[in-house]
Amino acid sequence: MKEQLAKIRAEALAALEEAKASADLDALRVKYLGKKGELTAVLKQMGKLSAEERPIMGQLANDVRAALESALESTSKKLEEAALELKLKAEVVDVTIPGKEVKIGHKHPMYIALDEIKDIFIGMGFTVLDGPEVELAELNFDRLNAEEGHPSRDWSDTFYFDEDSRVMLRSQTSPMQVRAMDSMELPIRIVAPGRVYRKDEVDATHSPMFHQVEGMVIDKGVTMADLKGTLNTVVEQLYGEGTKTRFRPHHFPFTEPSCEMDVQCHKCGGVGCPTCKGEGWIELLGAGMIHPRVLEMAGIDPEVYSGWAFGIGLERTAMRRFKIADLRLIFENDIRFLEQF
Ligand code: DAH
């Protein structure tokens, strides 16, 4: 048994010398000291020894166990240190290597145009509002005087979230008028930019998702003259002094009277060219005097208060502002395009 123990000790220590990783150490621990290990197997034979031999062998076996344990411990430490050393070497930072150039982005042309629009309106005392793109059909239509079955719902009666068509992706920013009337004190002067959704096919001037800026004023004695004066001022600030506009009659359920505002074509000065499709004018926005029923539904007395509102497409405004020919460029995020602004 003495030889057996000596052999185990010698073999185990030699194996430990060879160990390369902590997994090797675990295996050796099991092999020699584990329940079914070699040392344990020898200890199980102790019963066969005489009473004099037993304590001597017991002592010897304990010595072997202690020697193996301490060797395991020190080898494990050595391996850990070696691993750390290796890691430190691998992670050396060379502070003299030149850095990578960080490209700094800048504002998207559409947001440049939006910020200009916001600045103009803030300068005139308007508050900027933000509202939900997932909107109640009630606010997108009914409260804007387009009840179920109204023909104007047809083209924009589009992306719904439920069977009952109660919740939808808003088709216009006009529900923000209702939200403002419901939550703000009179008089009200707001603009509300945001995304809107329609079932349009993508082409050079259309996209199923685009941006609008809604605007609204409600006060005592507000007239169409205020609408024209304010919008003309905005257009001159946006496109330059002397920019000519014209107002054409139109129909929106939530305004009466309603109009569309065109700007004279910047390319041909009104003569007619491909940019304005030969018309000399380019349609810019829809507007009008808020329909008395819309005011009434919000609990505002149309005999005392009046208001005007408008909705402008942001992509098209930016296209005109920066002379961009195709709306798709605004969404494609091609760096070569974006870097030009
Ligand atoms: N919501 C209209 C549209 O999407 C635009 C519009 C027209 C907004 C007249 C208004 C308005 O506030 O008064 O075409």
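The values are calculated or read from the model by the stated rules, or taken from the named source; none is laboratory data. Not measured: the values here are computed from a predicted model. Positions of Cβ are generated from backbone atoms using ideal geometry, with glycine treated the same way; all protein chains shown enter the neighbour counts. For the accessible areas, the whole protein counts, side chains as well, though only heavy atoms, and no ligand, DNA or RNA atoms are used. Shrake-Rupley method; radii C 1.70, N 1.55, O 1.52, S 1.80 Å.
Points to keep in mind about this one:
- Principal-axis tilt of helix 224-239 within the chain, Cα atoms, nearest 10 degrees: 50 degrees
- Estimated from the Cβ-Cβ distance and a Förster radius of 25 angstrom, the FRET efficiency linking ALA51 and GLU3 is about 0.75.
- Computed over the chain, relative contact order equals 14 percent, with contacts defined as Cα pairs under 8 Å that lie 6+ residues apart.
- Peptides 89-96, 281-288 ordered by packing proxy, namely the average of other Cβ atoms within 10 Å per residue, highest first: 281-288, 89-96.
- Cα→Cβ-extended label distance, 7 Å offset, between SER165 and GLU116, nm: 3.9 nm
- In Å², nearest 10: area of HIS251 left accessible to a 1.4 Å probe: 110 Å²
- Accessible area in the full protein assembly, largest first, 1.4 Å probe, for LYS31, LYS199: LYS199, LYS31
- Here the accessible area of the chain is 53 percent carbon and sulfur, with a 1.4 angstrom probe and all protein chains present.
- Greater than 28 Å apart at Cα, pairs in LYS103/LYS277; LYS220/LYS323; LYS107/LYS323; LYS2/LYS78: LYS103/LYS277; LYS220/LYS323; LYS2/LYS78
- For segment 118-228, the solvent-accessible area with a 1.4 angstrom probe is 48 square angstrom per residue.
- Computed over the chain with a Gaussian network model linking Cα atoms closer than 10 Å, the most mobile of THR205, THR317, THR40 is THR40.
- Relative contact order computed over segment 72-177 (Cα-Cα under 8 Å; 6+ residues apart), in percent: 23 percent
- Across segment 16-33, computed HN-Hα scalar couplings (Karplus, 6.51 cos²θ - 1.76 cosθ + 1.60, θ = phi - 60°) run 5, 4, 7, 4, 10, 9, 5, 5, 4, 5, 4, 4, 5, 4, 5, 4, 9, 9 Hz from first to last residue, x flagging Gly and Pro.
- Förster radius 30 Å - calculated FRET efficiency between VAL95 and ALA23, Cβ distance, rounded to 0.05: 0.25
- Using just its DSSP H runs of length 4 or more, each adding -39500 (n - 2.57), the chain gives a mean residue ellipticity at 222 nm of -13000 deg cm²/dmol after division by all residues.
- Here's how it looks for VAL167: its modeled amide H is under 5 Å from those of ALA137, PHE161, ASP162, which are all 5 or more places away or on a different chain.
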